[in-house]
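S.K.: Have a look at this one.
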Amino acid sequence: MKRKFVGQLITILEVNSELGAGTRGASLGFESLQIASLSSERSIFKHPHQVKVETENNLLLSPSTTPGARYVQGISRTYDRLCAALGDVMGGNHFPFIIAGDHSMAGGTIAGIKIANPDKRLGVIWIDAHADLHSPFTSPSGNVHGMPLATALGMDNMENADLSLTITEQAKEGWAHLKNIGGICPKIKPEDLVFIGVRDTEEEEDALCEKYGIPNITVDEFRQMGFEGVAQKALDKLAACDMIYVSFDVDSLDTSISVGTGTPVPHGLYVEEAQSLIHTLLTDPKVCAFEVVEVNPLLDSHNQMARAVYPIIEDAFYTVLNRLH
Ligand SMILES: [Mn+2]
């Protein structure tokens, strides 16, 4: 069934998160995309509806005191703010178009969408080199940008816990907050999740994918099926969902494009492939939010990553805007 959101508009959310990553610089992704947009006459950053969600990156001035889930208290408070902002944006019948730093924020995005739409079944399309399914009990690094989907699924994955890890009580409390925010846990079901381009996982994550049958459309399969086939397969898998959130980690792209992201992995998508896929997904009326993350100009030279990614983002933005009008 086609639904038309009469009068609905877009709000760009700026979330310069940095606390969830292991390398520094993802908080500069928004500005690097803004600079990359200057050569475009229709820069999305001219859009009148923009909201900035405050982060707690100043905590990085001191070492993390919560091994297991590094800087989780600052991340928790940022989740709260992001959820409140998403409540306002979606309550005003606007489409949230989120440009965030590290990928930990996607857990807050999913939480915010679910809290704003508690009776709706939410599906997630996760375009990424990584599965981001770790918990503090399995993560070798304790970096929360590897955990956002586990917060949304409410999964500790204790069956695969690494008992040698040090996890403080504060880390466990913070983790519980991330999972239970809004009093809804889980926010999504494992059968309502689709991966595209995932190619660098740990066995603890593989065990969850196998247990719950979470599909991953690999880069090779993408090239066999074409972007339309991939989009259709992902949307078909989520046919029972009322709303769909698309999360785009730029490390899904091939390392030939740029090194300007924290955890690059070879054999990824090319820009045209990602752009065509995202364009097709965002024409679907069920898609209710889009997020791009992990552009890191400090790891780059000449802002290559943002310059490569900005056209994808601009196309995505106007695809949604055209759909809504
Ligand atoms: Mn990611």
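The values are calculated or read from the model by the stated rules, or taken from the named source; none is laboratory data. Predicted, not measured: the structure shown is a model, and the values here were computed from it. Please note: Cβ atoms are built from the backbone with ideal geometry, for glycine as well, and neighbour counts cover all protein chains shown. Just so you know, the surface numbers come from the protein's heavy atoms only, side chains and all, with ligands and any DNA or RNA stripped out. Shrake-Rupley method; radii C 1.70, N 1.55, O 1.52, S 1.80 Å.
S.K.: For a 20 Å ceiling on Cα separation, which of these pairs sit above it: Lys52/Lys189; Lys172/Lys211; Lys189/Lys286; Lys114/Lys189?
M.R.: Working: Lys52/Lys189 29 Å; Lys172/Lys211 24 Å; Lys189/Lys286 17 Å; Lys114/Lys189 12 Å.
Beyond 20 Å between Cα atoms: Lys52/Lys189; Lys172/Lys211.
S.K.: Something else about it: State, as an integer percentage, the relative contact order of the chain based on alpha-carbon contacts under 8 Å between residues 6 or more apart.
M.R.: Details: 703 pairs, mean separation 77.5, N = 325.
For the chain, the relative contact order is 24 percent.
S.K.: So if each residue of separation counts as 0.36 nm, and I subtract the Cα-Cα distance between Asp236 and Ala176, what length gain in nm does that give? It would help to have the intermediate numbers written out before the result.
M.R.: Working: separation 60, 0.36 × 60 = 21.60 nm, distance 3.23 nm.
Going from the current span to full extension adds 18.4 nm.
S.K.: Treat every Asp and Glu Cβ in the range 224-325 as -1 and every Lys and Arg Cβ as +1, leave all other atoms uncharged, and give the resulting dipole magnitude about the Cα centre to the nearest 20 debye. Intermediate values should be presented prior to the final figure.
M.R.: Numbers: 5 positive and 14 negative charges, 34 e Å.
Using Cβ point charges on Lys, Arg, Asp and Glu, the range 224-325 gives about 160 debye.
S.K.: Would you be so kind as to identify which of Val72, Thr109, Met90 lies farthest towards the positive end of the dipole of the chain, taking Lys and Arg as +1 and Asp and Glu as -1 on Cβ and the Cα centre as origin?
M.R.: The Cα lying farthest towards the positive end belongs to Met90.
S.K.: Okay, moving on. Percent of alpha carbon pairs in the range 169-272 separated by more than 17 Å? It would help to have the intermediate numbers written out before the result.
M.R.: Details: 3457 of 5356 pairs.
Looking at the range 169-272, the distances longer than 17 Å represent 65 percent of pairs.
S.K.: Considering only protein heavy atoms, what per residue accessible area in square angstrom results for the chain with a 1.4 angstrom probe?
M.R.: Values: 12710 Å² over 325 residues.
Accessible area per residue, the chain: 39 Å².
S.K.: Once you place label points 7 Å from the Cα toward the Cβ at Asp315 and Asp206, how far apart are they in nm?
M.R.: It works out to 3.3 nm between the two label points.
S.K.: I would also like to ask the following. I'm checking a number: the convex hull volume of the Cα atoms of the range 1-109, normalised per residue, in Å³. What is it?
M.R.: On the way: hull volume 14.0 nm³, N = 109.
Convex hull volume per residue, Cα atoms: 129 Å³.
S.K.: Describe numerically, in nm with one decimal, the distance between label points set 7 Å from Cα along Cα→Cβ at Leu60 and at Ser256.
M.R.: 3.1 nm
S.K.: Hey, another quick one. Measuring from a point 7 Å past the Cα of Ser39 along Cα-to-C-beta, which residues in the range 293-314 have an amide N at less than 14 Å?
M.R.: 302-312
S.K.: At Glu221 and Gln304, where each label point lies 7 Å from the Cα along Cα→Cβ, what is the point-to-point distance in nanometres?
M.R.: Going from the Glu221 label point to the Gln304 one covers 3.0 nm.
S.K.: I would also like to ask the following. Hey, what's the per residue convex hull volume over the C-alpha atoms of the range 9-324, in cubic angstrom? Don't jump to the answer; show the numbers that get you there.
M.R.: On the way: hull volume 36.6 nm³, N = 316.
Value for the range 9-324: 116 Å³ per residue.
S.K.: Ok, one more. Using +1 at the Cβ of each Lys and Arg and -1 at the Cβ of each Asp and Glu in the range 182-325, identify which of Thr263, Leu281, Phe248 lies farthest towards the dipole's positive end.
M.R.: It is Leu281, whose Cα lies furthest towards the positive end.
S.K.: Same structure again: Taking the Cα centre of the range 9-324 as origin, work out the dipole magnitude from +1 charges on Lys and Arg Cβ and -1 charges on Asp and Glu Cβ, in debye rounded to 20. Don't skip to the end; give the middle numbers.
M.R.: Details: 22 positive and 42 negative charges, 181 e Å.
Dipole about the Cα centre, nearest 20: 860 debye.
S.K.: Tell me, how many Å apart are the Cα centres for the range 74-146 and for the range 149-210?
M.R.: Going from one Cα centre to the other spans 13 Å.
S.K.: Cα gyration tensor of the range 104-206, axes a ≥ b ≥ c as square roots of the eigenvalues: rounded (a/c below 1.5), prolate (a/b > b/c) or oblate? Mind showing how you got there, number by number?
M.R.: On the way: a/c = 2.04, a/b = 1.22, b/c = 1.68.
Verdict is oblate for the range 104-206.
S.K.: If amide hydrogens are placed 1.01 Å from N in the peptide plane, which non-local residues have theirs closer than 5 Å to the one on Phe95?
M.R.: Amide H neighbours of Phe95: Leu9, Ile10, Thr11.
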